[in-house]
Amino acid sequence: MESNNPVFRRSETFSKHGASLAPAPSAAQLQQMYDAPSATVVQTGRLTLDDVIAKTGLMFLVLLGAAAISWFALTPAMPAVPLVAALAALVLGLVISFKQSTSPGLILGYAAIEGVFVGGVSLFFQSYATIASGHYSNIVGQAVLGTLAAFAMMLVLFKTGRLRATPRFTKMLLVAGGAYLLVALASFVAAMFGVGEGWGFRTGGLGVLLCVAGVALASFFLILDFDFIDQAIRNGAPARTAWLAGFGLMVTLVWIYLEILRLLAILRGQD
């Protein structure tokens, strides 16, 4: 089918009936092409680990930037902003997940909105821990270190083959994740009715157990993320898949961070 674009239509290069503009290769050139090394995954536009690291790093830069703005712009008495950001991030995250979108704009937009939520909720928990314990306690920094430690530990376990995303492991993890989600939703509803002084089930010994379970569960989900990335690279997935891989890692790491942050806030409240 001929192009209707006048630029292309008037050019022999883009014409369906145009003659080939490239001269026929000589025997020596054919031999040189045959002897040349195979194209690398970068040259063929395939996914690489460097792609995943670069895209994930960019996402976290956006998230941390938005979190910093939220931290300095908000106060603990302004819970509506992080709550709205959380709902917006949830909707956008579901869209990305179900559509398996690799759109940079959509995923970076999610990172920015998630950053607003993370910054606001971090400020709230930091303020609560300081007031409850009677002295300043940097639980945000501790939660960040805890998240990095969990990531490093799961990466080592995956790389050494100690933990693998077998069908049985995956099924058990998904069932446990579904059960935890139901408990979390029940706790959220209970908190809206004032249970646990607005904390729902996240108080006392039960709250500590739930947070510990959440940290463990979210950490194990990193194994699924690592397996997804490993499989995608071995299957020769397109380079743009790095955006989706980074998105998955970001969601899981933010989950771990929030669980550790909540756990530390509860423990400080019991001091």
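The values are calculated or read from the model by the stated rules, or taken from the named source; none is laboratory data. The structure presented is a predicted model; accordingly, all values stated were derived computationally and were not measured. Methodologically, a virtual Cβ is constructed for each residue, glycine included, from the backbone with ideal geometry; neighbour enumeration extends over all protein chains shown.
Only one of these conditions is not met by residue 127: (1) more than 24 Å from the chain's Cα centre (by Cα); (2) at pLDDT below 90. Which number is it?
(2)
Out of all the residues in the range 146-168, which are among the hydrophobic types (A, V, I, L, M, F, W, C) and touching a residue at least 24 places away in the same chain (Cβ under 8 Å)?
Correct list: 150, 151, 153, 154, 155, 157, 158, 163, 165.
Tell me, which residue of the range 197-251 that is among the aromatic types (Phe, Trp, Tyr) and part of a helix (DSSP H, G or I) is farthest from the chain's Cα centre (by Cα)?
220
Kindly indicate whether any position in the range 113-121 is modelled with pLDDT of 90 or more, out of contact with any Lys or Arg (no Cβ under 6 Å at 6 or more places or on another chain), buried (at least 17 other Cβ atoms within 10 Å of the Cβ) and farther than 21 Å from residue 61 by Cα.
The answer is no, given that none of the residues of the range 113-121 is modelled with pLDDT of 90 or more, out of contact with any Lys or Arg (no Cβ under 6 Å at 6 or more places or on another chain), buried (at least 17 other Cβ atoms within 10 Å of the Cβ) and farther than 21 Å from residue 61 by Cα.
Every residue in the range 70-96 that is under 12 Å from residue 122 (Cα atoms) and not in a loop (DSSP other than H, G, I, E, B), please.
70, 71, 72, 82
One line per residue, one yes/no per condition, for (1) buried (at least 19 other Cβ atoms within 10 Å of the Cβ); (2) of a type in the set (Gly, Ala, Ser); (3) within 22 Å of residue 80 (Cβ to Cβ):
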| site | (1), (2), (3) |
| --- | --- |
| 130 | no, no, yes |
| 149 | no, yes, no |
| 173 | no, no, no |
| 191 | no, yes, yes |
| 212 | no, no, no |
| 223 | yes, no, no |
